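Undergrad: Sending over a structure as structure tokens; questions will come in a sec.
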Amino acid sequence: MENTEKIAILQKLIQIQSVNGNEAAVARYLASLFEPYRESAQVEFVTYSPGRDNLVVTIGHPNGKQLGLSGHEDVVDPGDLSQWHHDPFAGEIVDGQLYGRGASDMKSGLAAIVIAMLELLADKTPLKGSIRLLATVGEETGEYGAAQLTKAGYADQLAGLVIAEPTGLDKIAYTARGVIDYHVDSIGKSVHSAQSTKGINAIDNLIVFYNEITAMMQGLDKIDPVLGGLLHNVDLISGGEQINTIPGKARLSANVRTIPAYPNQMIYDILEKLVHRLNDRSGFQLKLSYSYPEEAIPGRPDAPLVKLAQKIGHRIIGNRVIPVGSGGASDASEFLQSKARFSAIVYGPGTNTSHEADEYVEIDEFLQATVLYRKLALAFLEGE
């Protein structure tokens, strides 16, 4: 495939406005690229909800190992358009950089793994096993496409998984923090503030929870040598109706970034025991809920997939490729819940402009990634 065609594929992906939805358009476009190879590629749409389709494409032979290549189809909102110097949905190229929402996170990685598979099909390269594309919905808001595919068994045959999230091609993330977003709703009793003793201040009760959970989380002080310590941040507090009324409702929302030493279940237990204990007090009525928690990924820097990707990456970019930890969650957290036992790495083209105005990817790095994924897949299946 000519480089101009590869770049055009990425531009087309960026032009599809899959902001926290509309992934079906991405899935349809990618599926159309495999249409010339319908006899060699098994293409499946897995619908999450109307307008939101995961795409699974499998090539090769069922005998032998299976390598998963994964990327998400959704992007975050571009935000304040006045901050952009380039149309976020045009895929404009300036001085070797391709701009647009998703250029880094992560339509460049998604395009690169698709192109690698297309080139293997076009060249009729014999495979000693199979390659499975797992293109997912909803990664930016909770990895629920990956969760759906995992529950449906699409990762059960994997022997290895590459998530094409942006690390830059000189870094491979082999371990990652988990994430827990939780919410505490407090129910009190609204009264006129001049008669506050007749009411129950829902915000006051949240402040009690805030102070106690902060102290408890600070006590979890083990440090992971790669990821660092556990992070707990209360990021949203809302409540009340007006300044002269005791608030009858309030909500606190917090984000926890876990490490392998403190698995998610430990955090759930701490939160739930605290809420239960406070609710035993007079006037407290707290309710705890979660949204899209993800487990931390322990990983090993000397895992065979990591070492292989380092070797292939070095051949392609000419520089050392370093194993690192990732502070953010990815679809790997869901796929690793499958019946199979395999290593997963996060390795893909991109810059540190994800979620920013004027997000971009270096075209040369994107093109290198298309070669890297093809060679990595072949080496993995051949047992190199």
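The values are calculated or read from the model by the stated rules, or taken from the named source; none is laboratory data. Note that the coordinates shown come from a computational prediction; the quantities given were computed from them, not determined experimentally. In this analysis, Cβ positions are derived from the backbone assuming ideal geometry, glycine residues included, and neighbour counts consider all displayed protein chains. Accessible surface is based on the protein model in full, side chains and every heavy atom, while ligands, DNA and RNA are left aside. Shrake-Rupley method; radii C 1.70, N 1.55, O 1.52, S 1.80 Å.
Undergrad: Please state which of the following conditions residue 59 fails to meet, knowing it meets all the rest: (1) open to solvent by 10 Å² or more (accessible area, probe 1.4 Å); (2) more than 20 Å from residue 16 (Cβ to Cβ).
TA: So the condition that residue 59 fails would be (1).
Undergrad: Right, here's the next one. So which of 291, 282 ends up being hydroxyl-bearing (Ser, Thr, Tyr) and either assigned to a loop (DSSP other than H, G, I, E, B) or free of Cβ contacts under 8 Å to residues at least 60 places away in the same chain (or both)?
TA: Details: 291 fails: either assigned to a loop (DSSP other than H, G, I, E, B) or free of Cβ contacts under 8 Å to residues at least 60 places away in the same chain (or both).
So the residue among 291, 282 that is hydroxyl-bearing (Ser, Thr, Tyr) and either assigned to a loop (DSSP other than H, G, I, E, B) or free of Cβ contacts under 8 Å to residues at least 60 places away in the same chain (or both) is 282.
Undergrad: Collect the residues in region 220-263 that are touching a Gly at 6+ places or on another chain (Cβ under 6 Å), open to solvent by less than 80 Å² (accessible area, probe 1.4 Å) and over 23 Å from residue 284 (Cβ atoms), keeping them in residue-number order.
TA: Once the filter is applied, which keeps residues that are touching a Gly at 6+ places or on another chain (Cβ under 6 Å), open to solvent by less than 80 Å² (accessible area, probe 1.4 Å) and over 23 Å from residue 284 (Cβ atoms), region 220-263 yields 226, 227, 258.
The rows are residues; the columns are (1) more than 16 Å from residue 8 (Cβ to Cβ); (2) open to solvent by less than 10 Å² (accessible area, probe 1.4 Å); (3) under 21 Å from the mean Cα position of the chain (by Cα); (4) among the acidic types (Asp, Glu).
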residue: 100; (1), (2), (3), (4): no, yes, yes, no
residue: 105; (1), (2), (3), (4): yes, no, yes, yes
residue: 111; (1), (2), (3), (4): no, yes, yes, no
residue: 119; (1), (2), (3), (4): no, no, no, yes
residue: 126; (1), (2), (3), (4): yes, no, no, no
residue: 133; (1), (2), (3), (4): yes, yes, yes, no
residue: 140; (1), (2), (3), (4): yes, no, yes, yes
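Undergrad: So, one more: Within region 159-171, how many residues turn out to be open to solvent by 10 Å² or more (accessible area, probe 1.4 Å) and not small (Gly, Ala, Ser)?
TA: We begin by selecting, within region 159-171, every residue open to solvent by 10 Å² or more (accessible area, probe 1.4 Å); these are 159, 165-167, 170-171.
From what's left, not small (Gly, Ala, Ser): 165-167, 170-171.
Number satisfying all stated conditions: 5.
Undergrad: Any idea how many residues of region 148-158 are open to solvent by 20 Å² or more (accessible area, probe 1.4 Å) and in a helix (DSSP H, G or I)? Spell out how you get there, then give the answer.
TA: The first filter runs over region 148-158 and keeps only residues open to solvent by 20 Å² or more (accessible area, probe 1.4 Å), leaving 148, 151-154, 156-157.
Now drop any that are not in a helix (DSSP H, G or I), which leaves 148, 151.
Of the residues in region 148-158, 2 are open to solvent by 20 Å² or more (accessible area, probe 1.4 Å) and in a helix (DSSP H, G or I).
Undergrad: Restricting attention to region 126-147, and to residues there that are out of contact with any helix residue (DSSP H, G or I) (no Cβ under 7 Å at 6 or more places or on another chain) and not in a helix (DSSP H, G or I), which single residue is nearest to residue 29 (Cα to Cα)?
TA: Quick first cut of region 126-147, residues out of contact with any helix residue (DSSP H, G or I) (no Cβ under 7 Å at 6 or more places or on another chain) only: 126, 130, 132, 140-142, 144-145.
Keeping just the survivors that are not in a helix (DSSP H, G or I) gives 126, 130, 132, 140-142.
Values: 126: 26, 130: 22, 132: 17, 140: 20, 141: 22, 142: 23 Å.
So, considering only residues that are out of contact with any helix residue (DSSP H, G or I) (no Cβ under 7 Å at 6 or more places or on another chain) and not in a helix (DSSP H, G or I), the one nearest to residue 29 (Cα to Cα) is 132.
Undergrad: Of all the strands (runs of 3 or more DSSP E) wholly in region 1-105, which have at least 1 residues that are of a type in the set (Phe, Trp, Tyr)? Don't jump to the end; show me each part of the working.
TA: Working: elements: 41-49, 52-60, 65-72, 97-99.
Strands (runs of 3 or more DSSP E) meeting the threshold: 41-49, 97-99.
Undergrad: Scan (1) touching an Asp or Glu at 6+ places or on another chain (Cβ under 6 Å); (2) within 29 Å of residue 308 (Cα to Cα) for the single condition residue 18 breaks and write down its number.
TA: It is condition (2) that residue 18 fails.
Undergrad: Inspect region 352-362 for any residue being within 16 Å of the chain's Cα centre (by Cα), of a type outside the set (Ser, Thr, Tyr) and either closer than 28 Å to residue 15 by Cβ or open to solvent by 10 Å² or more (accessible area, probe 1.4 Å) (or both) and give the result as yes or no.
TA: Quick first cut of region 352-362, residues within 16 Å of the chain's Cα centre (by Cα) only: 352-355.
Filter once more, keeping what is of a type outside the set (Ser, Thr, Tyr): 352, 355.
If we keep only those that are either closer than 28 Å to residue 15 by Cβ or open to solvent by 10 Å² or more (accessible area, probe 1.4 Å) (or both) too, we end up with 352, 355.
So far as region 352-362 goes, yes, one or more of its residues are within 16 Å of the chain's Cα centre (by Cα), of a type outside the set (Ser, Thr, Tyr) and either closer than 28 Å to residue 15 by Cβ or open to solvent by 10 Å² or more (accessible area, probe 1.4 Å) (or both).
Undergrad: Please go through (1) open to solvent by less than 40 Å² (accessible area, probe 1.4 Å); (2) β-branched (Val, Ile, Thr); (3) in contact with a strand residue (DSSP E or B) (Cβ under 6 Å, 6 or more places away or on another chain) for residue 76 and return the number of the only condition it doesn't satisfy.
TA: It is condition (3) that residue 76 fails.
Undergrad: Which residues, counting only those in region 326-384, are over 16 Å from residue 96 (Cβ atoms) and of a type in the set (Phe, Trp, Tyr)?
TA: Answer for region 326-384, where residues must be over 16 Å from residue 96 (Cβ atoms) and of a type in the set (Phe, Trp, Tyr): 335, 342, 347, 373, 380.
Undergrad: Here are some conditions: (1) at pLDDT 95 or above; (2) within 14 Å of residue 188 (Cα to Cα); (3) not charged (D, E, K, R). Residue 231 meets all but one. Which one does it not meet?
TA: Here residue 231 meets the rest and fails (2).
Undergrad: For region 179-219, which residues satisfy the criterion of being open to solvent by less than 30 Å² (accessible area, probe 1.4 Å), closer than 30 Å to residue 299 by Cβ and under 25 Å from the mean Cα position of the chain (by Cα)?
TA: Taking region 179-219 as the starting set, the residues that turn out to be open to solvent by less than 30 Å² (accessible area, probe 1.4 Å) are 179-180, 182, 184, 186, 188, 191, 199, 202, 205-206, 209, 213, 217.
This time we only want the ones that are closer than 30 Å to residue 299 by Cβ, so: 179-180, 182, 213, 217.
Once the filter is applied, which keeps residues that are open to solvent by less than 30 Å² (accessible area, probe 1.4 Å), closer than 30 Å to residue 299 by Cβ and under 25 Å from the mean Cα position of the chain (by Cα), region 179-219 yields 179, 180, 182, 217.
Undergrad: Name the residues in region 299-324 that are open to solvent by 80 Å² or more (accessible area, probe 1.4 Å) and in a loop (DSSP other than H, G, I, E, B), would you?
TA: Quick first cut of region 299-324, residues open to solvent by 80 Å² or more (accessible area, probe 1.4 Å) only: 300, 302, 304, 307, 311, 314-315, 319-320.
Correct list: 300, 302, 319, 320.
Undergrad: Among the numbered criteria (1) farther than 21 Å from residue 111 by Cβ; (2) crowded, with 22+ Cβ neighbours inside 10 Å, which single criterion is violated by residue 292?
TA: With respect to (1) farther than 21 Å from residue 111 by Cβ; (2) crowded, with 22+ Cβ neighbours inside 10 Å, residue 292 is out only on (2).
Undergrad: Let me ask another. For residue 1, which of the numbered conditions (1) out of contact with any Asp or Glu (no Cβ under 8 Å at 6 or more places or on another chain); (2) open to solvent by 60 Å² or more (accessible area, probe 1.4 Å); (3) of a type outside the set (Phe, Trp, Tyr); (4) under 18 Å from residue 164 (Cβ atoms) fails to hold?
TA: Result: residue 1 passes all but (1).
Undergrad: Filter region 85-107 down to residues that are within 13 Å of residue 353 (Cα to Cα) and out of contact with any Lys or Arg (no Cβ under 9 Å at 6 or more places or on another chain), then give me how many there are.
TA: Counting residues in region 85-107 that are within 13 Å of residue 353 (Cα to Cα) and out of contact with any Lys or Arg (no Cβ under 9 Å at 6 or more places or on another chain) gives 8.
Undergrad: Among the residues that make up region 238-247, is at least one of them touching a residue at least 60 places away in the same chain (Cβ under 8 Å), out of contact with any Phe, Trp or Tyr (no Cβ under 8 Å at 6 or more places or on another chain) and either part of a helix (DSSP H, G or I) or at negative phi (or both)? Can you show your working first?
TA: The first filter runs over region 238-247 and keeps only residues touching a residue at least 60 places away in the same chain (Cβ under 8 Å), leaving none.
No.
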